[in-house]
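Visitor: The structure's right below; bear with me while I get my questions together.
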Amino acid sequence: MRQNPAESVYAVFEAKQSINATYVNYAHEKIESVRKLYRTSLPIPHAGGTFPAKAPIKIIGGILTFESDWTPGMGESLMTLLKKEEGVLDMGCIASHGYFNYEVEKKEYKFIQGGKPATAFLFKLISQLQFSGTVPMIDVLEYSKWLGN
C-alpha cells in the first residue's frame, strides 16, 4: 500500500486537558504511527555538483497538557510510563507542573518542575528543532503517484 510522503514533519504532539496513563499510551501509539510514514529524499543539485540525499530526521514526539491526573503531577507514575518505551516521547509539557525531555546520551528522562513550564518547554523544543536543519529535497513525483497516474 502506497502512503503519502511526509518529509516536512519535524514533530508530533498529542494535546489533552490532563495527562494520565491512557493518554500517555495513546501518544506513544500516535507518535510511532507518524514516525512510520513514508518520507522521500533526493540528491541536492548545486552549482558545483550534487550533495547526497539528506536522511530524514527523527520526528520529535511528545505530549502537551494543562494538568495531571496524578499526585504529584510529575512523579513516579509518569516516570514509570515514560520508561516503559524509553525515547518514544521525546518531551512533554504539563503546564501547571513542569516539562520533561528524554536525554538520549544519558538514556533517561529529565523532569524540570516549577517556573514557567510552557515557556521553558517552548525554548527546549526550539533548541532541538534548530539541529534539524532544512527538510530533505522532496521527490515530488512521489506525490503524483497518489493521483493514480
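Visitor: Take the residues in the stretch 75-105 that are among the aliphatic types (A, V, I, L, M) and open to solvent by 10 Å² or more (accessible area, probe 1.4 Å), then tell me which one is nearest to Lys16 (Cα to Cα).
Guide: Ala95
Visitor: Quick check, is Phe13 open to solvent by 80 Å² or more (accessible area, probe 1.4 Å) and not in a helix (DSSP H, G or I)?
Guide: For Phe13, the condition - open to solvent by 80 Å² or more (accessible area, probe 1.4 Å) and not in a helix (DSSP H, G or I) - is not met.
Visitor: If you check every pair at least six apart or on different chains, which have Cβ atoms under 6 Å apart with a residue in the stretch 108-132 that is closer than 21 Å to Leu81 by Cα first and a residue that is charged (D, E, K, R) second?
Guide: Within 6 Å, the pairs are Lys110/Glu103.
Visitor: Right, something else. Quickly run through the stretch 106-137 and pick out the residues that are out of contact with any Gly (no Cβ under 6 Å at 6 or more places or on another chain) and either open to solvent by less than 20 Å² (accessible area, probe 1.4 Å) or among the charged types (D, E, K, R) (or both).
Guide: Lys106, Lys107, Glu108, Tyr109, Lys110, Lys116, Phe121, Lys124, Ser132, Pro136
Visitor: Same structure, new question: For Ser8, indicate whether it is buried (at least 17 other Cβ atoms within 10 Å of the Cβ), farther than 17 Å from Lys124 by Cα and among the hydroxyl-bearing types (Ser, Thr, Tyr).
Guide: No.
Visitor: Mind checking which residues of the stretch 36-74 are under 23 Å from Phe111 (Cβ atoms) and either touching a Leu at 6+ places or on another chain (Cβ under 7 Å) or open to solvent by 80 Å² or more (accessible area, probe 1.4 Å) (or both)?
Guide: Passing the criteria: Lys58, Gly61, Gly62, Ile63, Phe66, Asp69, Trp70, Thr71, Pro72.
The values are calculated or read from the model by the stated rules, or taken from the named source; none is laboratory data. Here the structure is a predicted model, which means the values were calculated and not measured. All Cβ positions, glycine included, derive from the backbone under ideal geometry; neighbour counts span all protein chains shown. In case anyone asks, the SASA skips ligands and DNA or RNA and just uses the protein heavy atoms, side chains included. Shrake-Rupley method; radii C 1.70, N 1.55, O 1.52, S 1.80 Å.
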